[in-house]
Amino acid sequence: MITLKTPAGNSHAGLIGLGVYRPTRVVPNSEVIEAIDSSDEWIRERSGIIERRFAQSHETAASMGAIAAQNALDDAKIKAQDIDVVLVATFSHRFQTPSAAAEIAALIGANNASAFDISAACAGFCYGIGIADSLIRAGSAKNILVIGTEKLSDIINMSDRGTAFIFADGAGAVVVSPTSTQGIGPTIWGADGNARESIIMDPDLITAGKEGIPSLLTMQGQAVFRWAVGSMGDVCNQALAAAELDVSDLKAFVPHQANIRITDAIIKRINLPQHVVVARDIVTAGNTSAASIPLALHALRESGEIKKGEPFLMVGFGAGLAYASQVALAP
Ligand code: COA
């Protein structure tokens, strides 16, 4: 029997750099309420959102992702040429193919990297961290850029009461590399494809192309809310148990910034102690899907609420219905 060489992996992986890009245009609730017959109070109360950011017309998911990626490289003090894999979580890139990752790799000069996108919507960033951790420990790569980037303002119906006030634009990225001790806990992940129609682009791209109508994001808000509140606490508890960390040992909880009421419900389910900082970037950033976790982590780092090496819990969830959670040490 022929046996092949098993690749020699690195024993440990961790996050060593973080960078973001926030579009400059601030869009307060007052700008979105007219088209959906809503109010500033309703939006604040139901979602926590006060304002969000929309990208300019010339900006794209890839161009914003490239800026976040460069900022993460600078933070990690690593050159683009030393990146082996560019991995992008997005569902608002302009092309089905080629990938946003290939475009970003070219924009930042990551000429030695493989490049591919992950389609896991709001869970995409946590999927990416899990994949990057595994690739490094399996010996398939050394330095990996994991990027979450979205220009959702291009694919939302500004007259849809269930989505227009929630979604927004932005990008965040981390560098994942070999480290001397493990900086990423085991990833707990999954997907319930039977419920995939509860967040879906409508119509599908083929129909949209044939009929000349835009394919836009639709969501059954209550079904998604119930699923997230009912299941994500358990997923978080599994991620904590897998990392062998008690919830009281956390420095911060950085959930996907879906909706502040979902965050509050998960906090209750996992009995999060008062001293653990909770990321509430959604208040001024809206729901930026795959970008929301790195953006929220960056905000905590900027305010000094989390420092390098301190443990935080992430959980991403959304279309698919896909979810993923892990503990990591802050870059
Ligand atoms: N502005 C003002 N009123 C609105 C409204 C809006 N944008 N959308 C709905 N309403 C009204 C409805 O007409 C209804 O009024 P009624 O009670 O007089 O009939 C009432 O608010 C409740 O409507 P409902 O559709 O049940 O809203 P909700 O309480 O479920 O809140 C969401 C809607 C979208 C905020 C909520 O479903 C939600 O947070 N879902 C999860 C969304 C999410 O996080 N998605 C991202 C996952 S990645």
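The values are calculated or read from the model by the stated rules, or taken from the named source; none is laboratory data. As the structure is a computational prediction, the values presented were derived from the model and not from experiment. All Cβ positions, even for glycine, are placed from backbone atoms using ideal geometry, and neighbour counts span all protein chains on display. The accessibility values were calculated without ligands, DNA or RNA, using every heavy atom of the protein model including side chains. Shrake-Rupley method; radii C 1.70, N 1.55, O 1.52, S 1.80 Å.
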Fill in: Per-region count, the range 261-279, residues farther than 19 Å from Ser47 by Cβ and in contact (Cβ under 8 Å) with a residue 60 or more places away in the chain
0
Practice prompt. Exactly one condition in (1) out of contact with any strand residue (DSSP E or B) (no Cβ under 6 Å at 6 or more places or on another chain); (2) aliphatic (A, V, I, L, M); (3) open to solvent by 10 Å² or more (accessible area, probe 1.4 Å) is not met by Ala164; state its number.
Written response: (3)
Worksheet item: Which one is nearest to Ser119 (Cα to Cα) among residues in the range 85-104 that are free of Cβ contacts under 8 Å to residues at least 24 places away in the same chain and of a type in the set (Gly, Ala, Ser)?
Response: Ser99
Worksheet item: Going through the range 118-164 one residue at a time, which ones are part of a loop (DSSP other than H, G, I, E, B) and closer than 22 Å to Gly185 by Cβ?
Response: Ala120, Gly139, Ser140, Ala141, Lys142, Asn143
Practice prompt. Would you mind finding the one in Val176, Val235 that is assigned to a strand (DSSP E or B) and hydrophobic (A, V, I, L, M, F, W, C)?
Written response: Val176
Practice prompt. Within the range 21-51, track down each residue that is assigned to a loop (DSSP other than H, G, I, E, B), more than 16 Å from the ligand (Cβ to nearest atom) and among the hydroxyl-bearing types (Ser, Thr, Tyr).
Written response: Thr24
Discussion item. Looking only at helices (runs of 4 or more DSSP H) that lie completely in the range 243-331, which have at least 3 residues being farther than 26 Å from Ser63 by Cα and either within 16 Å of the ligand (Cβ to nearest atom) or not assigned by TED's automatic domain parsing to the domain that holds Arg44 (or both)?
Written reply: 260-269
Discussion item. When you check Thr181 against the structure, is it open to solvent by less than 60 Å² (accessible area, probe 1.4 Å) and either part of a helix (DSSP H, G or I) or touching a residue at least 24 places away in the same chain (Cβ under 8 Å) (or both), yes or no?
Written reply: no
Practice prompt. Name every residue in the range 52-104 that is in a helix (DSSP H, G or I) and either touching a Lys or Arg at 6+ places or on another chain (Cβ under 8 Å) or farther than 28 Å from Val26 by Cα (or both), in order of residue number.
Written response: Ala61, Ala62, Met64, Leu73, Ala76, Ala80, Gln81, Asp82, Ala102
Worksheet item: Quick one: how many residues across the range 202-224 are buried (at least 16 other Cβ atoms within 10 Å of the Cβ) and over 20 Å from Met314 (Cβ atoms)?
Response: 7
Discussion item. Looking at Ser119, Ser140, Ser92, can you tell me which residue is more than 16 Å from the ligand (Cβ to nearest atom) and among the polar types (S, T, N, Q)?
Written reply: Ser140
Discussion item. Anything in the range 201-216 that is within 18 Å of Ser289 (Cα to Cα) and touching a helix residue (DSSP H, G or I) at 6+ places or on another chain (Cβ under 7 Å)? List them, or say none.
Written reply: Ser215
Item to complete: List every residue pair whose Cβ atoms lie under 9 Å apart, where the two residues are 6 or more positions apart in sequence or sit on different chains, the first residue falls within the range 150-163 and is over 26 Å from Tyr21 (Cβ atoms), and the second residue, located anywhere, is open to solvent by 30 Å² or more (accessible area, probe 1.4 Å) and of a type in the set (D, E, K, R).
Response: Arg161/Asp37
Item to complete: Test Ala72 against the criterion of being open to solvent by less than 20 Å² (accessible area, probe 1.4 Å), more than 16 Å from the ligand (Cβ to nearest atom) and in contact with a Leu (Cβ under 7 Å, 6 or more places away or on another chain), and give yes or no.
Response: yes
Discussion item. Just to be sure before I move on: is Leu152 away from the ligand (no atom under 16 Å from the Cβ) and among the aliphatic types (A, V, I, L, M) in the structure I sent?
Written reply: no
